[in-house]
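Take a look at the structure set out below.
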Protein chains: 2
Amino acid sequence: MVAITHIGTYLPQKKINNLERTAEFSVDENFISEKIGVLNRRIKSQEQKASDLCVEAFQDLKSQTDINLDDIDCCVVVTQNPDYNLPHTSAIVHGLLDLPESCACFDISLGCSGYVYALAVLNAFMEVQGFRKGLLFTADAYSSILDESDKNTALIFGDGATVSLLENGKPGLSPICFDFGSKGKGYKNLINNGSLHMNGRMVFNFSATTVPKSIDAALGKAGLKKSNIVKWYLHQGSKYIVDTIAQRAELDPARVVFGMYDYGNTVSSSIPMLLKEDLIKMKSGEKYCLSGFGVGLSWATGIFEFK
Amino acid sequence: MVAITHIGTYLPQKKINNLERTAEFSVDENFISEKIGVLNRRIKSQEQKASDLCVEAFQDLKSQTDINLDDIDCCVVVTQNPDYNLPHTSAIVHGLLDLPESCACFDISLGCSGYVYALAVLNAFMEVQGFRKGLLFTADAYSSILDESDKNTALIFGDGATVSLLENGKPGLSPICFDFGSKGKGYKNLINNGSLHMNGRMVFNFSATTVPKSIDAALGKAGLKKSNIVKWYLHQGSKYIVDTIAQRAELDPARVVFGMYDYGNTVSSSIPMLLKEDLIKMKSGEKYCLSGFGVGLSWATGIFEFK
């Protein structure tokens with residue numbers, strides 16, 4: 001059984017304070033703090049590529065646990081802002097970290113649903129291949145594709161990266177089951193066609209209607225009730241979407257994690273960014289729900305147990 | 001057990017005849033036919049995107065077998081030349097084919113090793129998720145990133161796409177085991193940094209030394225000898241690399257498939273392009289070897305059995 005055992009994260013130091021931009025975008029402080037839920041966004045330096053963000057996250061991971069690089073059987077990067085389209089960013093990370101030649105590397109292209117999808121994919125891949133240890137990176141710095149004058153995106157997205165150490169047969173957070181889905185006909189609602197374009201209303205409506213159903217579907221597969229879930233980790237699209245999904249899905253608000261105030265929507269990194277601190281407090285037998293949704297349009301909900 | 005049951009392919013009609021370019025590149029006909037092994041390259045229209053090539057390949061698949069779209073549980077596109085970096089191309093294909101909302105979609109970013117890697121990933125993912133049917137697309141049209149005056153690439157790469165229908169519990173070609181590897185420190189030898197750049201000598205040397213070892217490793221895992229393999233499907237990088245690997249690995253030349261003369265190196269599509277016709281002639285119990293290598297640098301070798 002493959003489990004998330006440790007998570008390393010990276011947030012660039014440079015901050016943009018949204019509260020200083022209320023006049024520019026004709027919004028008030030309440031909108032910034034209660035609807036968007038992002039007080040500061042983090043911005044990488046221009047020179048930093050996805051692979052550099054991954055390496056920074058790995059340094060954080062290494063500070064938490066001893067890692068023998070020769071034990072790493074696979075290295076996967078989830079990104080839609082790769083260093084280059086060709087080669088895959090995971091190959092560059094492989095070289096930068098000096099991972100062994102036997103290490104399988106590939107990138108998964110997904111947005112906000114990427115972490116949950118990749119956990120399902122890697123769990124299966126590692127299990128079937130008999131792999132013991134894997135690194136799952138998420139790195140999608142939108143600052144390089146953002147139009148900083150676009151109200152729909154410029155107050156929301158922040159840069160960051162994470163790496164999850166996946167280990168077979170170690171105590172950690174393991175998947176029980178998943179629900180996946182796609183609405184490809186809606187792909188133009190969140191697209192990089194020169195710069196990032198988001199139809200905020202459409203993406204909000206999609207998320208608010210789809211995710212509660214996906215949560216029900218995943219719980220149904222697991223044979224669990226909402227009251228069995230210790231905490232809900234929803235993709236941090238904005239405070240308003242997290243609150244709305246929590247309300248529509250009738251989740252206990254005290255168990256719905258929210259924590260993007262100081263860095264923004266980090267796309268596929270949003271869930272592991274929150275999981276990191278909680279992971280070390282989890283107890284055997286506890287069940288958790290992770291749900292990612294967005295670009296595609298795409299969603300994935302997973303039920304996990306700490307074992 | 002997940003198996004490849006049918007393969008659809010697409011090659012654009014437009015051809016560039018390499019034999020008409022011997023003077024331009026100061027090469028002779030023998031070099032074109034015996035070293036490169038590409039007489040014609042296929043070129044897509046400028047308007048065609050990766051998703052369009054996928055849809056064309058799907059039409060070919062549909063002409064071979066009845067497909068109920070509602071049965072498709074997952075749709076994966078292997079590409080490093082996506083329609084957009086964001087969203088994933090598989091979402092666009094999902095919309096164009098009108099696949100069901102329950103269909104899991106993601107892209108895998110890999111080059112010439114992509115098909116073999118993706119078969120391993122999807123086999124595991126479908127097995128663990130209990131998925132019955134999946135579509136695995138490969139679509140990497142290099143014409144849009146090629147410098148047509150670059151001798152290292154302009155006589156080699158051609159456009160094309162394929163789709164493999166993967167079915168659980170049906171007769172077809174199923175994986176036994178895999179060998180994977182990466183040399184990320186060599187990533188600059190094959191890169192799109194504005195346009196495609198290939199250090200042909202380095203990529204050749206890497207392939208000629210790595211792939212024979214990978215074949216041995218995969219056979220060793222499977223407990224098989226070279227004489228057990230009915231046919232070898234090596235990535236069609238060029239005729240010279242296929243011949244060299246066959247010689248160094250001491251493969252029976254009569255069993256090493258070669259077939260890129262009329263379309264060129266189609267990257268991740270090169271192996272399924274050849275498998276398509278052979279698949280319908282395969283018999284139960286026969287073992288086959290597929291090996292992809294290139295961009296990354298990356299390689300994957302799989303041993304398969306027709307069951």
Net charge around A:PRO175, counting only other residues with Cβ within less than 12 Å of its Cβ (Lys, Arg = +1; Asp, Glu = -1)?
0
Among B:ALA120, B:ALA57, B:ALA23, determine the one that fluctuates most according to a GNM of chain B built with springs between C-alpha atoms less than 10 Å apart.
B:ALA23
For label points placed 7 Å from Cα toward Cβ, what is the shortest-first list of nm distances from A:ASN152 to its copies?
4.1
Under the convention of a label 7 Å out along Cα→Cβ, give the distances in nm from B:GLN247 to the same position in every other copy, shortest first.
7.3
Loop-resident trypsin sites (Lys or Arg not before Pro) in region B:184-230 with no more than 11 other Cβ atoms inside 10 Å, DSSP not H/G/I/E/B, are B:LYS225
Quick one: with label points 7 Å out along Cα→Cβ, list the inter-copy distances for A:VAL27 in nm, shortest first?
5.5
To check you understand DSSP bridge types, tell me what percent of the beta bridges within chain B (both residues inside) are antiparallel, rounded to 5.
70
Roughly speaking, to the nearest percent, how much of region B:173-306's 1.4 Å accessible area is carbon and sulfur?
50
Residues other than A:PRO100 with Cβ under 15 Å of its Cβ, Lys/Arg counted +1 and Asp/Glu -1, net out at -1
20 Å-binned pair-distance histogram of the protein assembly as shown (Cα, whole percent)
21, 55, 21, 2
What does the charge count near B:TYR288 come to, summing +1 for each Lys or Arg and -1 for each Asp or Glu among other residues with Cβ under 13 Å from its Cβ?
+4
Using a 1.4 angstrom probe, figure out how much accessible area the protein assembly as shown has per residue, in square angstrom, rounded to the nearest whole.
35
May I ask which residue of chain A has the beta-carbon nearest to the axis carrying chain A onto chain B, and at what distance in whole Å?
A:ALA124, 2
Accessible area buried between chains A and B, both sides summed, probe 1.4 Å, in Å² to nearest 100:
4200
Beta bridge orientation in the protein assembly as shown: antiparallel %, DSSP, nearest 5:
70
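The values are calculated or read from the model by the stated rules, or taken from the named source; none is laboratory data. Values in this document were obtained by computation on a predicted structure and should not be read as measured data. Backbone-built Cβ (ideal geometry, glycine too); neighbour counts: all protein chains shown. We work out accessible area using only protein heavy atoms, side chains counted, and drop any ligands, DNA or RNA first. Shrake-Rupley method; radii C 1.70, N 1.55, O 1.52, S 1.80 Å.
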